[in-house]
Amino acid sequence: MTDVTDPTINTASDLVEHPRGTAPGKPGDRGAFGFEITRRLDPTADGLGRGGFRHGRSGVIHTPHGDIRTPAFVPVATQATMKAMLPEQLVDLGAQCTLANAFHLFERPGEDIVDAAGGLGKFMNWHGPTFTDSGGFQVMSLGVGFKKTLAMDVTGLKSDDIIAKGKERLAFVDEDGVTFKSPLNGDVHRFSAEISMGIQHKIGADIMFSFDELTTLMNTRSYQEQSVERTFRWAKRCVAEHRRLTAERLGKPYQALFGVVQGANYEDLRRHAARQIASLDFDGVGIGGAIEKNILGNICAWICDEMPELRPRHVLGIAAVDDIFAGVENGGDTFDCVAPARTARNGAIYTRDGRWNVLRAALKRDFRPLEEGCDCYTCTHYSRAYLHHLLKTREMSGCTLATIHNERFFVRLLDDIRASIDGGYFDEFRDATLARFYANGSRG
Ligand SMILES: [Zn+2]
């Protein structure tokens, strides 16, 4: 039986009303945030960290709104909601936490409204831990509107090449920040370290990210070097502004701030950037920026080599099953990804045997669940034929049911990975899972 007098035991609804480490008239208690390691992976001959070290570990991130057992998947609730989903459905499929987008919430409804609602969690009826990104990615994506990465250096031929044809350039970076035109209404706005911190404090997530400059793999080496230094200067400003806002906003829970490491594919730049970020008083680290898929594990390992072990590490915007394994093995603790939800709405279904599309004509009369043995609500109640019909007729419930399955797939994948680290069988689990998932040449 639960001892209700034990102050360490809170139900989710208690936590949202009385987050850990809050007191009227006092700044949030930083002690309410922390990270504990449960078990580390053993070093191996081919470990990518120094001396064959493997930075992968299981652990627990403590936040004012509850704990996150890691490694963990972080479903993305861009507009303080995941498309087609209720927060309750995310809870039911086992999500521990969620990540919203500071830029989108700044545009609509505005951070003041989220603040007046009592913060992101209360606004969206989400009782667990929350993250916001800094808005930098979205703001700078306006610069070129092309794929996932972008170039701010339009003077160099190399980066000029990747600006999408027919797109108006909507963002410009300078030493102090970024000026951009709103894609919603054309208004000109400004983002900087201080502005991003102000917005993220008002949104009130448990974990925030510092404002960084994104580059693309197309940028020149010299631009990457300048960008890393600029990101460091912005990081210092973020830490200072974060401290000021934490002291000023009394009675609020402590919000942790993660510094973001850039440096593209260059080992020396990544290590240098990681040492810079490690030298500042951040609570954790975000591994971000332009990353070539085949060296994702290396980049995580280089950064973790330079980082204090007890700062949790979030890998920003991971997109595929093999990337998640590489990220976990080399030190990632939390992973956000929009792909499972976005692809679900187009009928792409993740299963242990790879990703396939439920809109295929052959599935019109297939009355099996999306995945045999899957414990999600969709698979335990509905058939492939029904999902095929709903998505063909563009019914919103089709998006909901497909999203429930895909999000459950990734939440469970990370839960299983965590169990494999705790149980000492990570390598066997990784090999078996990847062999099965990619056996049919599946993407994702
Ligand atoms: Zn399912």
**OP:** Would you order Met396, Met197 from fewest to most other beta-carbon atoms within 10 Å of each residue's own beta-carbon?
**Re:** Met396, Met197
Original post:
Extension gain Ala240-Arg40, at 0.36 nm per residue separation less the Cα-Cα distance, in nm?
Top reply: 68.7 nm
Original post:
What's the exposure ranking of Lys26, Lys236, going from fewest to most Cβ atoms within 10 Å?
Top reply: Lys26, Lys236
Original post:
For the pair Asp187 and Ala361, how long in nm is the line joining their label points, each one 7 Å along Cα→Cβ?
Top reply: 5.0
**OP:** Please list the radius of gyration and Dmax for region 182-273, considering alpha-carbon atoms only, with Å as the unit.
**Re:** 15.1, 46
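Would you order His104, His62 from fewest to most other beta-carbon atoms within 10 Å of each residue's own beta-carbon?
So the ranking, lowest neighbour count to highest, is His104, His62.
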Original post:
Counting DSSP beta bridges in the chain, what percent are antiparallel, to the nearest 5?
Top reply: 50
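Relative contact order for region 41-337 using alpha-carbon pairs under 8 Å, separation at least 6, rounded to a whole percent? Don't jump to the answer; show the numbers that get you there.
Details: 617 pairs, mean separation 57.0, N = 297.
Contact order relative to length: 19 percent.
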Original post:
So how many Å³ per residue does the convex hull of the Cα atoms of region 350-444 work out to?
Top reply: 93
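So if each residue of separation counts as 0.36 nm, and I subtract the Cα-Cα distance between Ala385 and Arg342, what length gain in nm does that give?
Here the segment from Ala385 to Arg342 would lengthen by 13.4 nm.
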Subject >> Rounded D (µm²/s) - the chain, Kirkwood Rh over Cα pairs, Stokes-Einstein at 25 °C, 0.890 mPa s >> reply: 109
Original post:
Just how large is the dipole of the chain about the Cα centre, in debye to the nearest 20, putting +1 at every Lys and Arg Cβ and -1 at every Asp and Glu Cβ?
Top reply: 1160
Subject >> For a label point 7 Å along the Cα-to-beta-carbon line of Arg69, residues of region 417-439 with backbone N under 12 Å >> reply: 417-423
Original post:
At what distance in nm do the modelled label points of Ile113 and Asp415 sit from each other, each positioned 7 Å from its Cα along Cα→Cβ?
Top reply: 3.4
Original post:
Under 15 Å from a point 7 Å along the Cα-to-Cβ line of Arg368: which residues of region 405-444 have their amide N that close?
Top reply: 440
Original post:
Taking region 380-444, which GluC sites (Glu not before Pro) meet the DSSP loop condition and have no more than 14 other C-beta atoms within 10 Å?
Top reply: Glu395
Subject >> Overall Cα dimensions of region 32-82 - principal axes, largest extent first, Å >> reply: 44, 24, 13
**OP:** Please work out the C-alpha center-to-center distance from region 339-369 to region 50-97 and express it in whole Å.
**Re:** 24
**OP:** Run through all the Cα pairs of region 282-355 and give the fraction in each 10 Å bin from 0, expressed as whole percent.
**Re:** 19, 47, 25, 8, 0
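Which whole-number percent is the relative contact order of region 341-444 (Cα, under 8 Å, 6+ apart)?
Normalised by residue count, the contact order of region 341-444 is 34 percent.
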Original post:
How big is the C-alpha Rg of region 171-214 next to the rule-of-thumb value 2.2 N^0.38 Å, as a ratio?
Top reply: 1.24
Subject >> Chain lengthening between Ala435 and Asp92 when straightened (0.36 nm per residue, less Cα-Cα) >> reply: 120.6 nm
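Read-outs throughout are calculated quantities, based only on the coordinates presented, and are distinct from any laboratory measurement. Predicted, not measured: the structure shown is a model, and the values here were computed from it. Please note: Cβ atoms are built from the backbone with ideal geometry, for glycine as well, and neighbour counts cover all protein chains shown.
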